[in-house]
Amino acid sequence: MKSKGADLKEGDKTKTTPLMLACLTGRAHNVTYILSQVDVNNIKSKDRNSMMAIHYAALKGSIECMTILKEKGADLNATGKQSMTPIMIAAAHGHYDCVKFLLKNGGK
């Protein structure tokens, strides 16, 4: 990614960052790589719908991505589009293992 000239901390016109896209596709190895290359505060970046990487991981149903984000300090109760939290997004998309993970780790 970075060797190809990608800016790992900047979002596109919708403010969607590479970290968010890695979470949306469930590519935990890319999440780890991106977080090793950018300021950890990148996990707090919001897209135009106020969604963060943790919301995208919940949307995908990726416990692996959520675990990495949690370990780096992601807010498991962050509100995004329409005040949706990661647990609400996971539940709405049938990712009940993610709901359990979030509940176990302080998600509301």
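The values are calculated or read from the model by the stated rules, or taken from the named source; none is laboratory data. This is a predicted model, so every value here is computed, not measured. Neighbour counts are summed over all protein chains in view; Cβ atoms, including those assigned to glycine, are modelled from backbone coordinates with ideal geometry.
Some notes on this structure:
- Residue check for LEU103: part of a loop (DSSP other than H, G, I, E, B), out of contact with any strand residue (DSSP E or B) (no Cβ under 6 Å at 6 or more places or on another chain), modelled with pLDDT of 95 or more and not charged (D, E, K, R): no
- Only one of LEU21, LEU59 that is touching a helix residue (DSSP H, G or I) at 6+ places or on another chain (Cβ under 9 Å), on the phi < 0 side of the Ramachandran plot and either surrounded by 18 or more Cβ atoms within 10 Å (Cβ to Cβ) or of a type in the set (Phe, Trp, Tyr) (or both): LEU59
- Options ASN49, ASN77; residue that is surrounded by fewer than 16 Cβ atoms within 10 Å (Cβ to Cβ), modelled with pLDDT of 95 or more and not in a helix (DSSP H, G or I): ASN77
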